[in-house]
Amino acid sequence: MKNKTFALGALILLIVCNSAFSLHAQTNKKKPGGAGAASDSQEHAAIQAAITALTNAAHSLQGANRDFQGHRDKAAQLTQDAIKQCKLSLAASIKK
């Protein structure tokens, strides 16, 4: 049971990280003249995309017809924890 819970959490994390990385790669284009640093708003866009994806996943989990032997609730909690961490990282990056 722990392995299934871990696998589900890992899958959610993988999907979210992949989505955020893909968005970051799309928005992190090199500027003319060789200055390749992404602006803060572009970096924040990747975090915002992750928050959106996690929020959508949380809504999908809430709408599931079955409990899946407690795994749905565990996945929902892990998703909420991930949303919290994304929001904390966003707040930390704004403070710098």
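Please determine whether any residue of region 23-40 is at pLDDT 75 or above, assigned to a helix (DSSP H, G or I), surrounded by fewer than 12 Cβ atoms within 10 Å (Cβ to Cβ) and at negative phi. No: zero hits. In region 61-84, which residues are part of a helix (DSSP H, G or I) and either exposed (fewer than 13 other Cβ atoms within 10 Å of the Cβ) or more than 16 Å from the chain's Cα centre (by Cα) (or both)? Residues satisfying the conditions are GLN62, HIS71, ARG72, ASP73, LYS74, ASP81, LYS84. Cβ-Cβ contacts under 8 Å between residues 6 or more apart (or on different chains), taken from a first residue in region 68-96 that is touching a residue at least 60 places away in the same chain (Cβ under 8 Å) to a second residue that is of a type in the set (D, E, K, R) and part of a helix (DSSP H, G or I), are listed as HIS71/LYS4.
The values are calculated or read from the model by the stated rules, or taken from the named source; none is laboratory data. None of the values given here were measured: they were computed from a predicted structure. Because the Cβ atoms are built from the backbone with ideal geometry, glycine has one as well, and the counts that use them run over all protein chains shown.
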